[in-house]
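Single-structure report; data block below.
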Amino acid sequence: MLFIFAILIIVVSYTAYVNLKRTGKIRESKFAFIGYALGVLLILFKLFTVVPAGTVGVVDFLGNVSDNTLKAGVNFVNPLANVVKFNIKTQEVKEMMNVPSMEGLSVQLEISLLFSLDPENASKIYKTVGEDYANVILIPQFRSVVRGVTSKYDAKALYTASREQLANEIKSELEKLVGPRGINIEFAPMRQIILPQGLTVAIEEKLKSEQESQRMQFVLKREEQEAERKRIEAKGIADFQAIVSRGINDQLLQWKGIEATEKLASSPNSKIVVIGSGKNGLPLILNQN
């Protein structure tokens, strides 16, 4: 439309410029020339289009959509064509919805969806869906998939450790539906899950009981290990005493007594050596009678 308007300006301005110059109206002809120059600039402007970073351009020439998209930067285009720009950056959709659990309970779920448009399929999306493809096909499919997936899990699973598994399943199911259309699904993180108040308390109490049970199992295991350690230690002491007792006999005791008597006798200190009254004459402290 702008191109046709520029052509009209050029034709009118040039005609006026020629006529005014022929009649000698030089001052008025200058204004006509300015209009002519403005029309030329508008045409040059329509010959080029700038596609911003993170977007691609789809060329629509009088209803004929090109399969080749324009990349980011300055592109030469048909001045009569309309260039529709599509965002190919990662985008986020946030949803707050009530979803069913496997038990039939209604759970309030706040979830996000991270997605992006495949640049190679931008023209396909434009021809089959349009610029508002997110609201037309993505968000309705997203809501349907979330409700379908959550209905396979009980409320406790939604509230506890299965959240990551749930997010991966939502991503996988949604990819099957919108992936062929040219929409890339990156992640579907769950931001918040709100269960009915009574159910939340029951789940929390059950989790506390399970944690206490696990703690007691740990304590019992630790006590069993300590008892086993003490048993091994006692057996070692008993074995040591048995070995030592087998090595102590009368001959060893007599020999040790003789050694002690010799050391007492050879000591330079003043002393009185008391000899035992036994047949071996050992010191009294070693006398066995």
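The values are calculated or read from the model by the stated rules, or taken from the named source; none is laboratory data. From a predicted model like this one, the values you see are computed outputs, not experimental measurements. A quick note on method: Cβ atoms are made from the backbone with ideal geometry, for glycine too, and the neighbour counts reach across all protein chains shown.
Of the residues making up the range 108-126, just one is exposed (fewer than 15 other Cβ atoms within 10 Å of the Cβ) and either more than 30 Å from the chain's Cα centre (by Cα) or within 15 Å of Val58 (Cβ to Cβ) (or both), namely Glu120.
Within the range 45-66, being modelled with pLDDT of 85 or more and either in a loop (DSSP other than H, G, I, E, B) or at positive phi (or both) holds for Pro52, Ala53, Gly54, Ser66. Test Ser116 against the stated conditions and say whether it is under 13 Å from Gln91 (Cα atoms), at pLDDT 90 or above and in contact with a Pro (Cβ under 6 Å, 6 or more places away or on another chain). No; evaluated as a whole, the condition is false for this residue. Here Val83, Val178 are screened, and the one residue that is β-branched (Val, Ile, Thr), over 15 Å from Gln192 (Cα atoms) and without any contact (Cβ under 8 Å) to a residue 40 or more places away in the chain is Val83.
Checking each residue in the range 195-253 for being among the hydrophobic types (A, V, I, L, M, F, W, C), modelled with pLDDT under 70 and not in a helix (DSSP H, G or I) picks out only Ile248. Among residues of the range 131-143 that are on the phi < 0 side of the Ramachandran plot, those with a beta-carbon under 7 Å from a residue that is loosely packed, with under 14 Cβ neighbours inside 10 Å and assigned to a loop (DSSP other than H, G, I, E, B) at least six positions away or on a different chain give the pairs Val136/Gly130.
Being surrounded by 19 or more Cβ atoms within 10 Å (Cβ to Cβ), at pLDDT 90 or above and in contact with a Pro (Cβ under 9 Å, 6 or more places away or on another chain), is that true of even one residue in the range 88-107?
First, pick out the residues of the range 88-107 that are surrounded by 19 or more Cβ atoms within 10 Å (Cβ to Cβ): 88, 99, 101, 107.
From what is left, the residues that are at pLDDT 90 or above are 88.
Within this subset, residues satisfying the condition of being in contact with a Pro (Cβ under 9 Å, 6 or more places away or on another chain) are 88.
The answer is yes; a qualifying residue exists.
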